[in-house]
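These notes are about the structure you will find just below.
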Amino acid sequence: MLFFRKNNLYFFLIFSFIANISIAFAKLDVSIKQIKLEKAQDKIVINLEQSSVLSPKIIELLERGIPIAFNLKIKLIKENKFWFDKVIKQDSFIYQIKYHSLIKIFEVIDIHGNKKNFEEKKEAIKFLLDNKEITIDNYNILKNTILKIWVELDKNRLPKAIQVDVFNKSWDIQSNIIFYDMSRL
Amino acid sequence: MKYLITTFAVVGLGFLILLAQSLANTNIVSNDTFIILLVISSSFVLSLFLLIIFQVFKLLQSVRKEITGSKLTLRLVIAFGMMVLIPVSIVYLVSVNFLTKSIESWFDVRVESALEGGLTLGQKTIDILIDDIELKGKSIAYAISNQSYEKRENILIDLREKFSISRAVLYKTDGSISALSQSNPNINSSTLDLEDIQRVKSGYFGRIEETEDKNLILKAFIPVFYNEKIQKTDLTVAEEILVLSQPVPESISNIAISVESVFEEYQQLRYSRNSLKIIYTLTLTIVLMLAILTSVAISFVISRRFTRPLSLLSEATNQIAKGNYKKIIPEIGKDELGTLVRSFNTMTYQLDTATKNSKKNRKRLEDARAFLDATLTNLATAIVVIDKKNKIKLYNKSAANLLGFKASNMVDENLTDAIKDLKKFDAVIRFIDEAQEKNNKTLYSTKEISIGLQNEEKTLILKLSSLLESSGKSYILVLEDISTIAKAQRQIAWGEIARRLAHEIKNPLTPIQLSAERVQNRIVNKLNKTDKDLLNKSTSIIIKQVDALKLMVNEFAEYARSPKIVRKTIDIIELLDEISYLYSDQHFEIKKNYPKNRRSIKIDENKFRQVLINIFDNSKAALKNVKNPKVSITLKFDRNLIRLKFEDNGIGIPKEIIDKIYEPYVTSKKAGTGLGLAIVYKIIEEHSGIIEIKNTKPSGVCIIITLPVEDHKIG
């Protein structure tokens, strides 16, 4: 799977890793701006920041009262040269924004399930895409793995017809995928 | 096939139901499941399509091979297919059109405006309510700020009740509650959020909140600035925050939430419009394909069900035409086709029974004919059936052999043309002509004739009887060879003659011989020399002739003697060697040809010795004055027969007597009695054997003796 991985972007830092990739993925509907990895004892803390803007298409959807949910996914992969890579651990975190048109409030639910209301759209989006902190336990058993992290639009929370319209790919929104070699941390 | 189609249809229908369910806004079918269902349904349609293509291909092949019923099946399939295809296609087109238009009609501008208007109305109402609560809040805040700090709670209670506010709380700037008044005492109080405290510092504000149980609550946040001049004591706080809470009236709240909900759903639908059209059209297309293909597949089954009995009938008719009456069609249903099949089976059964009977009768006739043919063929009596023009209609092997037919098949040939040597059978033809001339209705003529055939004279009894047939009058000519019977009769007659001769002649011979000897003894001394010599000579002649007569009489007696053989087991080769040894010093050479394995046989040794001596004597006589005289003896064992062949190169037997050589007194020798071969013949006959004597070329005689023996190997 090395071949596939080589076609994606890598970010390597020994202890602390920060990268700005917003320029490279400016054209994406949703993109990961930067991630920061910190090792604390046997834990890894991932701090992810998305691009602070959402595409007009998503904004339009949001303003019409359709909830927009994102799925932050992480996978820790054990690489195999001649066979499929083995997924050691995987997790997903959902966060969403919804506009209540009657009361003119933007409701944001973060990855931990905390709900917060905003009267201003900009503030709501900022809060939505702001830093997200994820903790991975048991670093010791995961240190020889590759971290794969990306964000995608959760189609399952969109209207049913959009979900089942297999011919319409415009809603298959996914961010850039970040790979990181955990052994270098 | 029908089970396969039913399974396809049922499973396909199940998937279609699931597919339709997936379009509803439920969680029964997920996005991924929908795609799987879509793929499975499409696969089903494709499989069904391939199945039908296969069936059509098979059907067309059957039509090309002109298999019975295939054309009718094809016509029915086309008819059924068209019956389904046209209405279903119309329904499909109408449905798609209707669906598209229906979906479009949901998104009417007026509907959208109305919904937006409703939502705006709700928003405005809420805004008014917020303005109202803010105003009330300002009034309460003003009242509190212009009264002494101690009275703030009483004022709060009074004014809350006066303004019918659900809850009024006075918070300190650190967020803790300073004073509280609420209509429902069960509501727990909480501190004020820091964000709200910061915000209110820049001025009052109002907002609406949605509770967990979906109720709307209006809230107003108003800063309270205490007038220090009015205060009786020094204030530690110069400012507090008044928060009023008032639930939106239920009637307004429900309508507003409902409008919001409908508006959101409408927006969702608006975004799903194209997807909905595509998905519904796709589902309808799959339904259409499944319906059409299932119908076509079912039409195959129905067509085959209709045409099967007809095909079976047609096939059975062909089989009957080919003579196979055992074809029974399985009964199908109780309708008219079932009755037809039953009637056909009954007819076939009757035909089969009639054919079997006919075959039996024919076989019986053929057997009888074969039996008659075999009987006629193996019959020793010659039989020829002729018509009134002497044309042969039927004859047997014996007739062909006896009459010497020119070819193997002489049926339909004239009898005179069929006989090779017509001259010899002139007497037969004459007999037939004479008999036919009588022209009696029930003709029956018989005659005994003798004809010479193959150096042998044959005695035949001719019988001609007429036979009336549908085709005309026929005659049956029977030629019975009675030569053997005649020969036997002659043998018996000769035996009787010999016996009488022996009896009548032998008795006076001894007195004649004794008298002659007495005359010679008594008178010879009384006569002179001349008379004496004459007497001696005369009596000697009498005595010699009497001896000769005695010898002849003894031989006749021997011939006439009744047959009595005494069998004993002997080695035939030993006997042959013994007799040939007796003649080994004669003027002829003896050649022996014996088989390697010796066998003993059961015969009368003495009589067989007599046979061999007679044969050797005859050869000895025949080989006088012959160049390189020789006798060859050949012995062969053949199963239960021995064949003994004597061949010499002597003068042979004259033609005139060869037919009667076994009869007594038939001889070519001057001094022979003619009884030798007659006795040989008799002895061989007594041993149930056959003797055959014939002349050989260029000269000589061949005698073949065949004897049935019970024998066993020697050594």
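Give, rounded to the nearest 20 debye, the magnitude of the charge dipole that segment B:542-676 has about its Cα centre when Lys and Arg contribute +1 at Cβ and Asp and Glu contribute -1 at Cβ.
340
Enumerate the lysines that B:Lys532 could reach by cross-link, defined here as Cα to Cα under 25 Å, with residues fewer than 8 away along the same chain left out.
Hits, sequence-local ones excluded: B:Lys544.
Give me the log10 of I(q) over I(0) for segment B:379-481 at q = 0.20, 0.24 Å⁻¹, as the Debye formula computes it from C-alpha points; what are the numbers?
Summing over Cα pairs of segment B:379-481 leads to -1.01, -1.48.
Can you give the relative contact order of segment A:44-134 as a percent, counting alpha carbon pairs under 8 Å and 6+ residues apart?
32
Would you mind counting up the charge near B:Val224? Only other residues with Cβ under 9 Å from its Cβ, with Lys and Arg at +1 and Asp and Glu at -1.
Spelling it out: positives minus negatives among the neighbours equals -1.
Less than 15 Å Cβ to Cβ from B:Gln246, Lys/Arg counted +1 and Asp/Glu -1: what total charge do the surrounding residues give?
-1
First measure r as the distance between the Cβ atoms of B:Glu366 and B:Asp412, then evaluate 1/(1 + (r/R0)^6) with R0 = 30 Å and state the FRET efficiency to the nearest 0.05.
Efficiency computed from Cβ-Cβ geometry: 0.85.
Of chain B, which part is the longest with no GluC sites (Glu not before Pro) in a loop (DSSP not H, G, I, E, B) and with at most 11 other C-beta atoms within 10 angstrom?
Longest site-free region, per DSSP loop and neighbour criteria: B:229-709.
From the Cα trace of segment B:360-418, what convex hull volume per residue do you get, rounded to a whole Å³?
84
Suppose R0 equals 56 Å; then what is the FRET efficiency for B:Asp571 and B:Ile497 from their Cβ-Cβ distance, rounded to the nearest 0.05?
FRET efficiency, B:Asp571 to B:Ile497: 0.90.
Round to the nearest 0.05 the FRET efficiency obtained for B:Glu212 and B:Tyr3 when R0 = 45 Å and r is the Cβ-Cβ distance.
The pair B:Glu212/B:Tyr3 has a calculated efficiency of 0.20.
Would you please classify the overall shape of segment B:660-710 from the alpha carbon gyration tensor, given that a ≥ b ≥ c denote the square roots of the eigenvalues, rounded means a/c under 1.5, and beyond that prolate means a/b larger than b/c while oblate covers the rest?
It comes out oblate by the Cα gyration axes.
Could you check the spin-label model distance between B:Tyr665 and A:Lys43? Points 7 Å from the Cα along Cα→Cβ, value in nm.
The two pseudo-label positions are separated by 16.1 nm.
For segment B:330-381, take every pair of Cα atoms, bin their distances at 5 Å starting from 0, and report each bin as a whole percent.
Here the calculated profile for segment B:330-381 is 5, 18, 12, 11, 9, 9, 7, 7, 6, 5, 4, 3, 2, 1.
Which of the lysines could a cross-linker bridge to B:Lys359, judged by Cα under 22 Å and excluding same-chain residues fewer than eight apart?
B:Lys322, B:Lys326, B:Lys327
Taking 0.36 nm per residue of separation and subtracting the Cα-Cα distance, what length does fully extending B:Val524 through B:Leu135 add?
118.2 nm
Taking just the C-alpha trace of chain B, give me its Rg and Dmax in Å.
Answer for chain B, Rg first and Dmax second: 72.0, 243 Å.
If the cut-off is a Cα-Cα distance under 19 Å, which aspartates and glutamates reach B:Lys162, setting aside same-chain residues fewer than 8 apart in sequence?
Reachable aspartates and glutamates: B:Asp131, B:Asp132, B:Glu134, B:Glu153.
Once label points are set 7 Å from the Cα along Cα→Cβ at both B:Asn274 and B:Ser632, what is their separation, rounded to one decimal in nm?
My value for the distance between the label points is 12.2 nm.
About its Cα centre, what dipole magnitude does chain B give when the only charges are +1 on Lys and Arg Cβ and -1 on Asp and Glu Cβ, stated in debye to the nearest 20?
7660
Taking the Cα atoms of segment B:131-248, what is the range of coordinates along each of the three principal axes, in descending order and whole Å?
45, 29, 26
Calculate the spin-label point distance for B:Val56 paired with B:Arg110, positioning each point 7 Å from the Cα along the beta-carbon direction, and give it in nanometres.
The two pseudo-label positions are separated by 4.8 nm.
Contour minus end-to-end for B:Met347 and B:Thr375, with contour as 0.36 nm per residue of separation and end-to-end as the Cα-Cα distance?
Extra length from B:Met347 to B:Thr375 when fully extended: 5.9 nm.
Tell me, B:Tyr226, B:Tyr444, B:Tyr142, B:Tyr171 in order of fewest to most beta-carbon neighbours within 10 Å?
B:Tyr444, B:Tyr142, B:Tyr226, B:Tyr171
Sorting B:His587, B:His687 on the 10 Å Cβ count, fewest up front, what's the list?
B:His587, B:His687
Quick one: of B:Lys636/B:Lys669; A:Lys115/B:Lys277; B:Lys506/B:Lys682; A:Lys132/B:Lys219; A:Lys36/A:Lys116, which pairs are farther than 28 Å apart, Cα to Cα?
Result: B:Lys636/B:Lys669; A:Lys115/B:Lys277; A:Lys132/B:Lys219 exceed 28 Å.
So what are the protein assembly as shown's ellipsoid semi-axes, whole angstrom, largest first, if each one is the square root of 5 times an eigenvalue of the alpha-carbon gyration tensor?
153, 39, 22
Report the full-extension gain for the segment B:Ser580 to B:Glu66: residue separation times 0.36 nm, less the Cα-Cα distance, to one decimal in nm.
Value of the extension gain: 176.2 nm.
Do any of A:Lys57/B:Lys214; B:Lys592/B:Lys630; A:Lys104/B:Lys214; B:Lys424/B:Lys458 go past 21 Å between their Cα atoms, and which?
Check vs 21 Å cut-off fails for A:Lys57/B:Lys214.
Could you work out, residue by residue across B:265-276, how many beta carbons of other chains sit within 10 Å of that residue's beta carbon, and then give the average as an integer?
Whole-number average of other-chain Cβ neighbours for B:265-276 is 6.
Give, as a single signed number, the net charge of other residues whose beta carbon lies under 15 Å from the beta carbon of B:Phe98, with Lys and Arg counted +1 and Asp and Glu -1.
Net of charged neighbours comes to +1.
So if I place +1 on the C-beta of Lys and Arg and -1 on the C-beta of Asp and Glu, and nothing else carries charge, what would the dipole magnitude of segment B:131-248 be about its Cα centre? I want it in debye, nearest 20.
340
Using Cβ contacts closer than 10 Å as the measure, can you line up B:Thr539, B:Thr173, B:Thr339 from fewest to most?
Result, fewest neighbours first: B:Thr339, B:Thr173, B:Thr539.
As a check on your grasp of the helix formula, calculate [θ] at 222 nm for chain B: sum -39500 (n - 2.57) over DSSP H runs of n ≥ 4, divide by the residue count, round to the nearest 500.
Mean residue ellipticity at 222 nm (helix-derived): -20000 deg cm²/dmol.
Bear in mind that the values in this text are calculations on the coordinates, not laboratory data. Keep in mind the model is a prediction, meaning the values are calculated, not measured. In this analysis, Cβ positions are derived from the backbone assuming ideal geometry, glycine residues included, and neighbour counts consider all displayed protein chains.
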